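Working notes, structure below.
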Amino acid sequence: MIARICMVAVAAASLALAQSSPIDQPTASISGVVRDKVTKQPLANYVVDTSGNRRVTTDSSGKYRLSGLPPGTYRIDVQASERFLSQATRMIVLAGQDLDNINIDVPIDGSISGRVLDENGEPVPGLWVQLVSHEYYLGSAGYFYAGQASSTTDDQGRYTIGRIPPGLSFLLMAAPKATRIPAHSQVPLNPNFRKRVTVRTWYPNSPSREGAAQLVLQPGEHREGADIEVKRSPNYCVEGTAMGPNGAAEMAFNIEALQPSSGSNSHGGTFVMAPNGKTGPDGKLRICDLSPGQYRVVIETAHSASEPVASFGVTYLTVKDEDQRGVRFMTSPGRTLEAEVAWDGASPEDASQTKLSLHLRPTLRTGFPGLADWDAKDVDIPGKVSFENLFFDEYQVQTRFRGPSQGLYIKDITYGGRSVLHEPLRYGSAMEGSGLRVVVARDGGTLAARVADKDGNPIADARVVLFPADAASEGALAATMVTGQTDQLGRYTSKILPPASYYVFAGEEDFDASIESVAKLWRSRTTLQKVELAPGGSPQVNLELVTLM
């Protein structure tokens, strides 16, 4: 069974919250029709949501009405009732008067179907078929599971994957499903007597990502005949011992092939169950049925809801053309990471009401309940906090201001003297005793844009993209890129940004962290409009729609 946790950043939800208004101001409504973007046909039973303020479902004619809304700016999200993530959004400004005919066009999801066959043309049942995205995350390019888009082949090798967002580029991969595995595999010791194993295979028939064909669906497209010919390889084993702080011990373990693997990405994250098991008291392991590739082995003390993990470790392996023996899978107890939050410069006199929420979110697994990577901690500015029982692993440092935060932004986050503001925090990679330091600055500003056509008419729902002009690489551009959407008046205002020079433009298409989107921005960056954001500034810029090649 595949377990998924799709994480949505709290900061994104806050965009949708309406600004507070005096109680004597009138409320108003937003109404319209949700339609198929291509055919313009109304869509019934679609959820229309303002992220906590109001939530309604379209009727049989695709109509919706969001009532009782105070003046403010709203992000409206629309999605099919069985879908987790939004399919379309609109930014709307309410000023106390009803807004009618706010129609929302939705790009309809597509689907892919086909068969998975072996090298002899025979069907392969029970394989997992998954869409994979190629994108940037925390400054580096990688391959990631694409959310809920997956299927399992039936006894005829058939599969169907639905709810695929149109217009995005994906790869398609077939792989063995996760199973419960014994600590001591019974695969023969002599490699010549072992059965060949099914390897991860990329559509249409490549054992490597580099040979995969890209798939892009049109809205509502149902593509058939996407057959995959899976490959097989020799069967390799890894033998070793799971070691706790006091030596060999009974441990829970799992092993997962990398790229893609479970973990966070720019859209949240997808976490799947990896092949797993439990050692005996001697900690001995013999894991087989492995094909050549890179693997991540996680070892932890067996635990329950009432007994948290006490020891944890990660070992990375590369399987080539022979078995590996004598591997020591080391674990260690959690350590204490000291974190300091400081002002950039002198402390302001009126900052006592503002705190910073810090969360160390694991990037390759879910958090452990009751331990340091589960809950966020609120810290005074300036102030210190300790993350106790934190395991050596990879984390994203997430921050959020609580209380008045006008002009505040995170200037830098360092661990052991290295910036992790736009990179993973690899706890344990610095000298023992190294701490986390978060620097808060208060001279941030905003950038406002008005998007209009050549006649000066405002353009609603334009996509505005901006990024620092000094971004040194595509990865750095992806990590610092800010995207938004114009309201019905053609206006967009950014979040608080650090003072810097920014490239900014407006287009009709969505830009995200995918390799293709970022490459377009990188190639075109010097042709875009450049804006200087001074400390505490709020420049405004007029934009026309641009199509990047």
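Can you pull out the trypsin sites (Lys or Arg not before Pro) in the range 458-521 whose DSSP state is coil and whose Cβ has at most 16 other Cβ atoms within 10 Å?
On the way: sites: R463, R491, K495, K520; in loops: K495.
Sparse-neighbourhood loop trypsin sites (Lys or Arg not before Pro): K495.
If you keep only loop residues by DSSP, which trypsin sites (Lys or Arg not before Pro) in the range 138-197 have at most 13 other Cβ atoms within 10 Å of their Cβ?
Taking the range 138-197 and a limit of 13 other Cβ atoms within 10 Å, the loop trypsin sites (Lys or Arg not before Pro) found are K195, R196.
Helix 515-524 sits at what angle to the longest principal axis of the chain, using alpha carbons and giving 0 to 90 degrees rounded to 10?
Roughly 50 degrees, rounded to the nearest 10.
Relative contact order for the range 110-330 using alpha-carbon pairs under 8 Å, separation at least 6, rounded to a whole percent?
Computed value for the range 110-330: 22 percent relative contact order.
Given a Förster distance of 45 angstrom, what is the FRET efficiency for K495 paired with T179, based on the Cβ-Cβ distance and rounded to 0.05?
On the way: r = 45 Å, r/R0 = 0.99.
FRET efficiency, K495 to T179: 0.50.
Give me the extension gain from D36 to Q156: residue separation times 0.36 nm, minus the current Cα-Cα distance, reported in nm with one decimal.
39.8 nm
What is the range 114-189 by shape, rounded, prolate or oblate, if you read a ≥ b ≥ c off the alpha carbon gyration tensor as root eigenvalues and call it rounded for a/c under 1.5, prolate for a/b larger than b/c, and oblate otherwise?
oblate
Could you grab the relative contact order for the chain? Cα pairs under 8 Å, six or more apart, rounded to a whole percent. Kindly include the intermediate steps, with their values, before the conclusion.
Details: 1447 pairs, mean separation 58.1, N = 549.
Contact order relative to length: 11 percent.
Can you list the GluC sites (Glu not before Pro) in the range 304-377 that are in a DSSP coil and have 16 or fewer other beta carbons within 10 angstrom?
Counting only loop positions with at most 16 other Cβ atoms within 10 Å, the GluC sites (Glu not before Pro) in the range 304-377 are E322, E349.
Mind putting a number on the dipole of the chain about its Cα centre? Charges go on the C-beta only, +1 for Lys and Arg and -1 for Asp and Glu, and I need it in Debye to the nearest 20.
520 debye
In deg cm²/dmol and to the nearest 500, what is the mean residue ellipticity at 222 nm of the chain if only DSSP H runs of at least 4 residues count, each as -39500 (n - 2.57), divided by the residue total? The partial results should precede the final answer.
Details: 3 runs with 23 residues, N = 549.
Rounded to the nearest 500, it is -1000 deg cm²/dmol.
Take the alpha carbon atoms of the range 448-543, find their radius of gyration, then divide it by 2.2 N^0.38 Å using N residues; give the quotient.
Cα-based Rg divided by the globular estimate yields 1.03.
Name the residue from F387, T354, Y492 whose Cα lies farthest towards the positive end of the charge dipole of the chain, charges +1 on Cβ of Lys and Arg and -1 on Cβ of Asp and Glu.
F387
Largest first and in whole Å, give the semi-axes of the range 110-330's equivalent ellipsoid, each being the square root of 5 times a Cα gyration tensor eigenvalue.
32, 21, 15
Rounded, prolate or oblate: pick one for the chain, where a ≥ b ≥ c are the square roots of the eigenvalues of its C-alpha gyration tensor, a/c under 1.5 means rounded, and failing that, prolate if a/b is larger than b/c, else oblate.
oblate
Nearest 20 debye, what's the magnitude of the dipole of the range 448-543 about its Cα centre given +1 on Lys and Arg Cβ and -1 on Asp and Glu Cβ?
The calculated dipole for the range 448-543 is roughly 280 debye.
Provide, in order from the shortest bin, the percent of all Cα-Cα pairs of the range 335-441 in each 10 Å bin, continuing until the bin that contains the maximum pair distance.
Reading upward from the zero bin: 15, 50, 29, 6, 0.
Would you list which lysines come within 21 Å of K195, measuring only between C-alpha atoms, while excluding same-chain residues fewer than 8 positions from it?
K177, K231, K320
Every number in this text was worked out from the coordinates using simple rules, so none of it is lab data. Predicted, not measured: the structure shown is a model, and the values here were computed from it. Using ideal geometry, Cβ is built from the backbone for each residue, glycine included, and neighbour counts are taken over all protein chains shown.
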